[in-house]
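Below is one structure, written out as structure tokens, with a few remarks after it.
The values are calculated or read from the model by the stated rules, or taken from the named source; none is laboratory data. Note that the structure is a prediction, hence the values are computed from the model and not measured. FYI the Cβ positions are ideal-geometry reconstructions off the backbone, even for glycines, and counts take in every protein chain you see. For the accessible areas, the whole protein counts, side chains as well, though only heavy atoms, and no ligand, DNA or RNA atoms are used. Shrake-Rupley method; radii C 1.70, N 1.55, O 1.52, S 1.80 Å.
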Amino acid sequence: VVSLVALLHLLQQEIITYMRMRRRRCLSKPLLDEGFQMSTEVQALGLTGQEFVMFSTDWCGYCKRLKSQLDENGITFREINVEQEMNYASFVEKVNGGNRVVPTLLFSDGAALTNPSVIAVKEKLAAL
């Protein structure tokens, strides 16, 4: 019984640690801190107000999930497939420390979210 309680406590701590790490990964990242000219990216994409772009791929399950959740919540967005429009693949890699992580969202204020929940997207849009 004692080892089962200890095991459950350890599992609970692992879950808490995982959720904290996931939350940090989804936080808004101001890209200007990374040394980018985000105004150029935002201007090139013509983002204003509450507009944002989702960089994705066809095969990404996380992208499909987020797209369906955004659609269910009536949130409109533009989508760019980084495998079809390769010039944006390098942008996604720069935003994510050299990794091509999708979905990556770019907002009109130059901030990005990587693999966010629909709640995180709603919060970001409310802050714009």
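Descriptive notes on the structure:
- Residue check: residue 116 meets all listed conditions (1) in a loop (DSSP other than H, G, I, E, B); (2) open to solvent by 10 Å² or more (accessible area, probe 1.4 Å) but one, namely (2).
- Restricting the range 66-91 to residues that are part of a helix (DSSP H, G or I), of a type outside the set (A, V, I, L, M) and modelled with pLDDT under 95 leaves a set whose member that is least open to solvent (accessible area, probe 1.4 Å) is 91.
- Filter result for residue 25 (exposed (fewer than 15 other Cβ atoms within 10 Å of the Cβ), at pLDDT below 90 and charged (D, E, K, R)): yes
- Candidates 94, 124 - the one that is of a type outside the set (A, V, I, L, M), open to solvent by 40 Å² or more (accessible area, probe 1.4 Å) and in contact (Cβ under 8 Å) with a residue 40 or more places away in the chain: 94
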